[in-house]
Structure formats: structure tokens, C-alpha cells
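Here is the structure we will look at.
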Amino acid sequence: MDQVAIAEYDSKWPKMFEDEKRKIKSLNEKVSIEHIGSTSVEGACAKPIIDILVGVEKLGIANELVEKLKALGYEYIAKFEEEIPDRRYLQKKGFHIHTVEKGGEFWNSHILFRDFLREHPFSVQAYCVLKRNLATRYKNDRNAYTDAKGEFIRGILEGLKNLPDAKLI
């Protein structure tokens, strides 16, 4: 398994996302595609992997899309459905795709967290400090690294749920 490595923000990440978005959109014009994760937040440190959220009307469309995404070089990882049954996960070097129903819990929480970070630079700095510390502690264990970040993310999301103007897209 690869080591956890955190990179400083790279201004190329948004273009990399846009280029990949065009390819995915060419497979199905009806899907919604969003850049999520730390690479989608200007100034944020991140694992240098572009996380792409693909929203579909029904999960059956995601199943159809998997085969088409394989033609773009993606590998479908079915075992991750044991943890998150309503997500189809694919990856290739530098990119992860999370295909879910648009408007569902996974979609909403990832968009809400991304938008919060985009609007709160101090929280971005705090998140980067946390991620660097966790990457050092769990450099050979991606799962432990990801789990350890969860408390910070859940804290933000729980706080946002209590705000009257929180947007759930």
C-alpha cells in the first residue's frame, strides 16, 4: 500500500479535475460532476489525488457507468461497497471517482464540507495541520489516517446541521 503523503496546494488540480470531468461527462451527459476533497479547496494541503463526485438520478445508472469508466482507465473496486453500499468507487492514478445518488447523504455531506472549507480559510489551516500530523503518525496505514480525520470532518458537519442557513444541496 502507498504511504500517506500530503502535498501543498497545487494550482493545477482544478484544471486536472476539469479535464477529467469532460471525459466523464462525454460518457453520460445527465450526470452531475463535482470536485470534492482537499484538492478542490484553494490553499489546502492534500494527498495529490483528485476526488470526483459523480451524481446520478438512480444507483442503477452508476452500475451502467462503471463499465464505461473502465474504458477511461479506471479500476472498479467492488469491495468498498461493503462499507458504503450506495457508492460505486473507481480509481486510476491520480483520480478517485465516487458515484452516488445526487442529493443523498454521501453527496450532500461531501459538498457541504467542501463548501465550508472554501469559505473558512482558518479551518483549512487547522485541517492541514491535522492531516500533516496524522500522515506522520499513520504514514503506512491509509485506513487509520482516513479514520483519524473523521472526527474533524464529523465535527464540522454536525456544527453545520445546527445552523439555520446550512445548505444541503
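The values are calculated or read from the model by the stated rules, or taken from the named source; none is laboratory data. The structure displayed is predicted, hence computed values, not measured ones. We place every Cβ from the backbone using ideal geometry, glycine too, and count neighbours over all the protein chains shown.
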Note to self: So, residue 106, is that one in a helix (DSSP H, G or I), of a type in the set (A, V, I, L, M, F, W, C) and either on the phi > 0 side of the Ramachandran plot or without any contact (Cβ under 8 Å) to a residue 12 or more places away in the chain (or both) or not?
What the structure shows: no
Margin query: Go through (1) among the β-branched types (Val, Ile, Thr); (2) in contact with a Lys or Arg (Cβ under 8 Å, 6 or more places away or on another chain); (3) within 27 Å of residue 158 (Cβ to Cβ) for residue 66 and report which single condition fails.
Written below: (3)
Item checked: Per-region count, segment 123-143, residues within 16 Å of residue 154 (Cα to Cα) and among the polar types (S, T, N, Q) -> 1
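So which of 114, 118, 87 ends up being among the basic types (Lys, Arg) and over 24 Å from residue 2 (Cβ atoms)? Before you say what the answer is, go through the steps one by one.
Values: 114 fails: over 24 Å from residue 2 (Cβ atoms); 87 fails: over 24 Å from residue 2 (Cβ atoms).
Residue meeting the stated conditions: 118.
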Check: When you go through (1) at pLDDT below 95; (2) of a type in the set (A, V, I, L, M); (3) part of a helix (DSSP H, G or I) one by one for residue 117, which number turns out not to apply?
Finding: (1)
Check: What is the number of the single condition among (1) free of Cβ contacts under 8 Å to residues at least 60 places away in the same chain; (2) within 18 Å of residue 100 (Cβ to Cβ) that residue 26 does not meet?
Finding: (2)
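Here's the yes/no breakdown for (1) within 16 Å of residue 157 (Cβ to Cβ); (2) among the hydroxyl-bearing types (Ser, Thr, Tyr):
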residue: 75; (1), (2): no, no
residue: 79; (1), (2): no, no
residue: 82; (1), (2): no, no
residue: 109; (1), (2): yes, yes
residue: 116; (1), (2): yes, no
Margin query: Of the conditions (1) in contact (Cβ under 8 Å) with a residue 24 or more places away in the chain; (2) within 15 Å of residue 19 (Cβ to Cβ), residue 57 satisfies every one except a single condition; which number is it?
Written below: (2)
Next item on the list: Sort through 129, 124 and tell me the only one that's over 15 Å from the mean Cα position of the chain (by Cα), part of a helix (DSSP H, G or I) and crowded, with 18+ Cβ neighbours inside 10 Å.
Entry: 124
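Listed here are the residues, each with its yes/no results for (1) among the aliphatic types (A, V, I, L, M); (2) within 16 Å of residue 163 (Cβ to Cβ); (3) touching a Cys at 6+ places or on another chain (Cβ under 8 Å).
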site	(1), (2), (3)
86	no, no, no
91	no, no, no
97	yes, no, no
102	no, no, no
109	no, yes, no
112	yes, yes, no
115	no, yes, no
Note to self: I want to confirm something. Restricting to segment 96-116 and keeping residues that are in contact with a strand residue (DSSP E or B) (Cβ under 8 Å, 6 or more places away or on another chain) and of a type outside the set (A, V, I, L, M, F, W, C), which single residue is nearest to residue 150 (Cα to Cα)?
What the structure shows: 110
